[in-house]
Amino acid sequence: MSDKNLVRALHAVHALDVQQAPKQHRLKTPQCPSLPHFAVALQQGWTPEEGAHVTGCAYCQTITAMEWRMACPGLLTLVLHLAGASYNVQAMQHHLEDDACRRCQRLLQSRWLHALAQMILTGQRTLAHVQALVDATVATFAPLQALVGAFAPTTRRPFQARAVHPDGSLTVTLREATDGNLVVHVETPDPGKSGQKVRVEVVGEGEPLVAEVILEAQGAYGCAGLHIFGVFAELAPRLGADCAVLATLIEADASQ
């Protein structure tokens, strides 16, 4: 067979495959939302009617898990999962087990997120209030380089993880200082926050590191504060290969 005839034959086979391919996913139902709506709903939430369908739909759970491969679920989604109030149980299982998302595995160990989930379970706070507390929280995830050892490089860059709230209201930086200590630094451009506390949590392999950092006025630069957790080399095994960092400004009623 000549090259031209071979190409024509391959094109014919491809065209036949396209014609015979199913028009939609075999699991999709008429009640399944459109793909563009998934991206919106995973950010803004499902309506109760949509949620009732999504919860038991294998197709919707699969699409949700695929969306989370590109962008992990937000903190509120994780809180709802911990509270047993999520529409996406199967999708979360795929995300945590099949995709082995280290970021979400770490965040789901957060005491702060567990406390927010408990507020929902006990009715201590409304969902809207919990969402406000979640929205005020800034979080990041960072890997840790191996310390110098038999198989580690002779030099390494100091560890640092930094996160900024989308509206710029709070910045948290966890870093290995030049003196070898692990230090967290928080700052806000709002000078009116002087005297308030920022709850910081570092979630790694072992017991989380938790601190309440008091904000102090910095003149025209807003407020800032820091806390020293201890010697980084001694804390590194407790953190493991990676860690999540969460920080939230403690409002007057948040601890009631």
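The values are calculated or read from the model by the stated rules, or taken from the named source; none is laboratory data. Keep in mind that what you see is a predicted model, and the values were worked out from it rather than measured. No Cβ is skipped: glycine too gets one built from the backbone with ideal geometry, and neighbour counts run over all protein chains shown.
Can you say whether GLU205 is within 20 Å of the chain's Cα centre (by Cα), among the acidic types (Asp, Glu), modelled with pLDDT under 95 and over 16 Å from SER169 (Cα atoms), as far as the supplied structure shows? Yes, satisfied.
Within region 78-110, restricting attention to residues that are hydroxyl-bearing (Ser, Thr, Tyr) and touching a residue at least 12 places away in the same chain (Cβ under 8 Å), the residue that is farthest from GLY206 (Cα to Cα) is TYR87. Among the criteria (1) within 15 Å of GLN131 (Cβ to Cβ); (2) out of contact with any His (no Cβ under 8 Å at 6 or more places or on another chain); (3) not polar (S, T, N, Q), the one ALA100 does not fulfil is (1).
The residue that is nearest to THR77 (Cα to Cα), counting only those in region 111-148 that are crowded, with 18+ Cβ neighbours inside 10 Å and without any contact (Cβ under 8 Å) to a residue 24 or more places away in the chain, is MET119.
The set of residues in region 74-118 that are over 21 Å from GLU49 (Cα atoms) and not in a helix (DSSP H, G or I) comprises GLY74, ASP99, ALA100, CYS101, LEU108, GLN109, SER110.
Here ALA236, ALA254, ALA224, ALA241 are screened, and the one residue that is farther than 18 Å from ARG106 by Cα and modelled with pLDDT under 95 is ALA254.
Here is the figure for region 48-74: residues that are of a type in the set (Val, Ile, Thr) and either within 16 Å of the chain's Cα centre (by Cα) or modelled with pLDDT under 90 (or both) total 1. Residues in region 188-204 that are without any contact (Cβ under 8 Å) to a residue 60 or more places away in the chain and surrounded by 21 or more Cβ atoms within 10 Å (Cβ to Cβ): LYS193, VAL198, VAL200, VAL202. When ALA211, ALA241 are screened for being within 28 Å of GLN145 (Cα to Cα), surrounded by 18 or more Cβ atoms within 10 Å (Cβ to Cβ) and hydrophobic (A, V, I, L, M, F, W, C), only ALA211 passes. When the test is whether a residue is within 25 Å of VAL213 (Cα to Cα), in contact with a Ser or Thr (Cβ under 7 Å, 6 or more places away or on another chain), buried (at least 18 other Cβ atoms within 10 Å of the Cβ) and of a type in the set (Ser, Thr, Tyr), THR173 does not pass it.
Before we move on, is GLU67 surrounded by 14 or more Cβ atoms within 10 Å (Cβ to Cβ), over 27 Å from ALA244 (Cβ atoms) and not small (Gly, Ala, Ser)?
Details: surrounded by 14 or more Cβ atoms within 10 Å (Cβ to Cβ): yes; over 27 Å from ALA244 (Cβ atoms): no; not small (Gly, Ala, Ser): yes.
In short, no.
Regarding CYS32, is this residue surrounded by 10 or more Cβ atoms within 10 Å (Cβ to Cβ), out of contact with any Lys or Arg (no Cβ under 8 Å at 6 or more places or on another chain) and either at pLDDT 55 or above or closer than 30 Å to ALA132 by Cα (or both)? Give the steps one after another, and end with the answer.
On the way: surrounded by 10 or more Cβ atoms within 10 Å (Cβ to Cβ): yes; out of contact with any Lys or Arg (no Cβ under 8 Å at 6 or more places or on another chain): yes; either at pLDDT 55 or above or closer than 30 Å to ALA132 by Cα (or both): yes.
Answer is yes for this residue.
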